[in-house]
Amino acid sequence: MRSIILTLSLIAIMGLGFWAYRENYRTQAELAEVRTLQSEIGDLRESLSVLNAEWAYLNRPDRLRELADLNFERLGLLPLEPEQFGDVAQITYPTAENPLLAPVTDPIATVASLDQTP
Amino acid sequence: MIRTPLRPLARILSARAKGENPDAIEKENLRLRHEEMRDRSRQKAEGRLLLLGLVFLGLFGTVGVRMGVLAATQPVEPRTGQNGPLITAGRADITDREGRILATNLVTHALYAQPRLMIDPAGAAEKLALIFPDLDAEKLKKDFTGSKKFLWIKKKISPEQMQLVHEIGDPGLLFGPREMRLYPNGALAAHVLGGSAFGREGVASAEVIGTAGVEKTFDNWLRDPANGGAPLQLSIDLSVQATVEEVLDGGMRLMNAKGATAILMDVKTGEIISMASLPDFDPNTRPQPLTKGPAGDSPLFNRAVQGVYELGSTFKIFAVAQALDLGIVTPDTVVDTKTPMFWGKYKINDFHNYGAELPVTEVIVKSSNVGTAHIIGMVGPERQQTFLKSLGLFEPTPVELIEAPTGKPLVPKKWSEISMLTISYGHGLSASPLHLAAAYAAMVNGGTRVQPTVLKTNKPQQGERVISEKTSAQVRSLLRQVVVRGTASFGEVPGYAVGGKTGTADKAKPTGGYYDDKVIATFASFFPAYDPKYVLIVTLDEPVESSGSEPRRTAGWTSVPVAAEMIRRVAPLLGLRPEVEPGAEAALTTVKN
């Protein structure tokens, strides 16, 4: 009886030892991965901030104004003016001649027909 | 253990035989036994104490060693446990009210040298001078071959330059990572942002400290890691600011002015949507302060906040508003405007002769000094002083810029009657354009004081009341008429019902007296007049409009057209749609009753 208990507990100790050994290595592997991930996050943060700075630099009002002036022939962009504000009442009601401007009576069919137009 | 008997028979018998007292033997033995017991328990107690001492020594030793280890090791970022609050080490960004970046950080490198590690100091010096044309090869050679162990070569270098230095391949040339402050919009809002510089520098890092503007005011906040990378959001609107600067720059050139400033402020929240001061500078390469000459000529000088000027006739509305509020006059009361007016040995002149008398409305519309002086004469110096103080014209503005306290208004030491008269039309009291913006906001927003701020708030300020709602409506109507048919007729912008008051003040000579041909031309305006949302102050320094036969310097010819163009361009950007002014006649009747 005694020897059975002894053998069983020995086996149990060996099993537990093996388990602890494996857990230890797994934890270390996870920690190493966390480290790589965190340095990756750090790098990504850094490049994000660089990209943000670049975005802000490329979108600076001076440059956009210059670009709008350079490409005036193609884009025709002008500063926003008070005259550009419109009113709903100023928009004419869609006429029957142009099917694209006709009032929408069947929404599903309209959406389907819009999908087909290339 | 064998117990020694207390009365050993042999000794008792021999003692009895000798005739001695056998009790003495028993006592002696008892004493010996007690001594033995005492020694034993003492030994036991000492052993316990020793053990306890050892245990404590061990514990304290552990604590001590642990503390030593913690103090001596490099700090390590915790690798596990990601649920804590986000902590970032970098300086926080500064954004405009829409979240567009005004200031951010960029990782770059500093170049330094350790001449002892260098293989070919002379060659390296020459190649460095080729990469950086501003470096002197001879000086570098001397530094590299001298006794120096360490020297900085460049504080910030670009990745391309870094690659070129790498290609020199000298082990004595080393790089240190740097976080540098970048202002991507260049000179835009330069005076608000201020600038930054490196503080303490090490090889591995350098601290960035603010040197002016909000960068300095909020230096601690921007550096606080506990904010978790949240940006500092200003009330400035990037696109509005760009437009204001563009128009102001054009206007300054057109009017041949040497400086200009514009402030656009929300009348209810006190948020400064745009603040421009020209000439300006690029905060990325902030120039050195001037060592000689007046500080006001430096591009670093923020005219909007630091520049205190006599702002001229723009002050007239304060005198009239006070008289209206006190019930001394109504807009229709007729006052004496005979020019010149004599007060003791002083003479007060009007720009033109406006006749013997005018109603109060016309005094403002035509901008009569004499009329205003007569009106303030009815109010009196004490009440005038209290009123101007309640508008904040005696203290520096509380705006969150480090330069704000230097913009302290110049107030006469003794408030005599002549100061009262001259201050009523804006001479004798110098204030900054920002003071004027805050005071005008209080005049037109319904009569409560607002404190200017550069931080986004979105909440109307509940300031103390300076004039009643009714007076504020009267003031709005008066100022609207200045634009409709008065001195600021160029200020009319269709759809935006601009109201405002011009002010042209001769510049004071540093030696005393006034220049004849140098003025500060100011237009203090607000729009839309029927429901004011924004106050716009445009001030030009020494403008002259020379399209006519003789040069014109009055604000009506210089500042007003600039301000009108600014409103025309900026109002749509602020989301204000042009509207037909609700019945001008209706507004007039509400004023009358």
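The values are calculated or read from the model by the stated rules, or taken from the named source; none is laboratory data. A quick note: this is a predicted structure, and the numbers were derived from the prediction, not measured. Glycine also receives a Cβ, built like all others from the backbone with ideal geometry; neighbour counts cover every protein chain displayed. Surface areas here come from the heavy atoms of the whole protein model, side chains and all, with no ligands, DNA or RNA. Shrake-Rupley method; radii C 1.70, N 1.55, O 1.52, S 1.80 Å.
For the modelled label position 7 Å from the Cα of B:VAL580 along Cα-to-Cβ, which residues of segment B:464-494 have backbone nitrogen atoms closer than 15 Å?
No residues fall inside that zone.
Need the full-extension length gain, A:LEU37 to A:GLN84, defined as separation in residues times 0.36 nm minus the C-alpha distance. One decimal, nm.
On the way: separation 47, 0.36 × 47 = 16.92 nm, distance 5.09 nm.
Computed gain between A:LEU37 and A:GLN84 is 11.8 nm.
Order B:ASP134, B:ASP93, B:ASP506 by their accessible area, 1.4 angstrom probe, all chains in place, largest first. Walk me through the numbers on the way to the answer.
Working: B:ASP134 110, B:ASP93 45, B:ASP506 65 Å².
Solvent-accessible surface, decreasing: B:ASP134, B:ASP506, B:ASP93.
What distance in nm separates the simple spin-label points at B:LYS470 and B:LYS389, each placed 7 Å from Cα in the Cβ direction?
Distance between label points: 2.7 nm.
Just to compare against my own numbers: the Cα pair-distance distribution for the protein assembly as shown, 20 Å bins, whole % per bin, please.
Cα pair-distance distribution for the protein assembly as shown, in percent: 13, 32, 23, 15, 7, 5, 3, 1.
With every protein chain kept in the model, how would you rank B:THR471, A:THR7 by accessible area, 1.4 Å probe, largest at the top?
Working: B:THR471 5, A:THR7 75 Å².
The ordering from most to least exposed comes out as A:THR7, B:THR471.
Which whole number gives the average count of other chain Cβ atoms within 10 Å of the Cβ atoms across peptide A:59-66? Don't skip to the end; give the middle numbers.
On the way: counts 5, 9, 12, 7, 3, 2, 3, 0.
That works out to 5 on average.
Length gain on complete extension for the stretch B:ARG66 to B:ALA122, per 0.36 nm per residue less the alpha carbon to alpha carbon distance?
On the way: separation 56, 0.36 × 56 = 20.16 nm, distance 4.99 nm.
Stretched out fully, the B:ARG66 to B:ALA122 stretch lengthens by 15.2 nm.
Return the FRET efficiency for the residue pair A:ASP62, A:PHE18: r is the Cβ-Cβ distance, R0 is 60 Å, and the value is rounded to the nearest 0.05.
Once rounded, the FRET efficiency stands at 0.30.
Other chains' Cβ within 10 Å of A:49-58 residues: what's the mean?
6
Under a crude label model (7 Å from the Cα following the beta-carbon direction), how far is A:GLU46 from A:ASP106 in nanometres?
With each label placed 7 Å out from Cα toward Cβ, I get 6.1 nm.
Around A:GLU81, with a cut-off of 10 angstrom between Cβ atoms, what is the net charge of the other residues, counting Lys and Arg +1 and Asp and Glu -1? Let's see the in-between values first.
Values: positive: B:ARG568, B:ARG569; negative: A:GLU83.
Computed value for this residue: +1.
Which FRET efficiency, nearest 0.05, do B:ALA230 and B:ALA204 yield, Cβ-Cβ r, R0 25 Å?
Values: r = 26 Å, r/R0 = 1.03.
It comes to 0.45.
With a Förster radius of 25 Å, plug the Cβ-Cβ distance of B:GLU417 and B:THR330 into 1/(1 + (r/R0)^6) and report the FRET value to the nearest 0.05.
Details: r = 25 Å, r/R0 = 0.98.
Once the sixth-power term is evaluated, E becomes 0.55.
Is segment B:462-502 best put as rounded, prolate or oblate by its Cα gyration tensor, with a ≥ b ≥ c the root eigenvalues, rounded for a/c under 1.5, and otherwise prolate when a/b is larger than b/c, oblate when not? Before the final figure, lay out each step's value.
Values: a/c = 2.76, a/b = 2.23, b/c = 1.24.
Prolate is the answer for segment B:462-502, as a/c is 1.5 or above and a/b outweighs b/c.
On full extension of the chain, what length is gained from B:ARG33 through B:ARG253, given 0.36 nm per residue of separation minus the C-alpha to C-alpha distance? Numbers along the way, then the final one.
Values: separation 220, 0.36 × 220 = 79.20 nm, distance 11.67 nm.
Roughly 67.5 nm would be gained on extension.
Kindly sort B:THR511, B:THR558, B:THR504 by accessible area of their heavy atoms, largest first, with the probe set to 1.4 Å.
Details: B:THR511 130, B:THR558 0, B:THR504 45 Å².
So the residues, ranked largest to smallest area, are B:THR511, B:THR504, B:THR558.
Out of all Cα-Cα pairs in segment A:50-90, roughly what percent, to the nearest whole number, are more than 11 Å apart? Numbers along the way, then the final one.
Numbers: 596 of 820 pairs.
Beyond 11 Å sits 73 percent of the P(r) for segment A:50-90.
Applying a 10 Å radius around every beta-carbon, put B:264-270, A:36-42 in order of their mean neighbour count, most first. Before the final figure, lay out the partial values.
Values: B:264-270: 24.3, A:36-42: 11.1.
Answer by packing, highest mean first, reads B:264-270, A:36-42.
If I model a spin label at B:SER547 and B:TRP152 as a point 7 Å from the Cα along the Cα→Cβ vector, what separation in nanometres do I get?
5.2
Quick one: which of B:104-113, B:224-233, B:287-296 comes out on top by average Cβ neighbours within 10 Å, and what's the full order, highest first?
Values: B:104-113: 20.2, B:224-233: 14.6, B:287-296: 9.7.
In decreasing order of mean packing, B:104-113, B:224-233, B:287-296 become B:104-113, B:224-233, B:287-296.
Evaluate the Kirkwood expression for the hydrodynamic radius of chain B, namely the inverse of the mean inverse distance over all pairs of different C-alpha atoms, and round to one decimal in Å. Kindly include the intermediate steps, with their values, before the conclusion.
Numbers: mean 1/r = 0.0339 Å⁻¹.
Mean inverse Cα-Cα distance, inverted, gives 29.5 Å.
Rounded to the nearest 5, what is the percent of antiparallel bridges among the DSSP beta bridges in chain B?
Working: 64 of 67 bridges.
Beta bridges within chain B, antiparallel portion: roughly 95 percent.
Under a straight-distance cross-link criterion of Cα-Cα below 30 Å, which lysines are reachable from B:LYS456, leaving out those fewer than 8 residues away in the same chain?
Once the sequence-local lysines are set aside, what remains near B:LYS456 is B:LYS216, B:LYS268, B:LYS389, B:LYS408, B:LYS470, B:LYS501, B:LYS533.
Considering the Cα positions of segment B:389-499, please state its Rg to one decimal place and its Dmax as a whole number of Å.
Over segment B:389-499's Cα set, Rg and Dmax evaluate to 15.7, 46 Å.
Over the whole of B:489-497, what's the average partner chain Cβ count within 10 Å per residue? Rounded to a whole number, please.
Values: counts 0, 0, 0, 0, 1, 2, 3, 1, 0.
Mean shielding count: 1.
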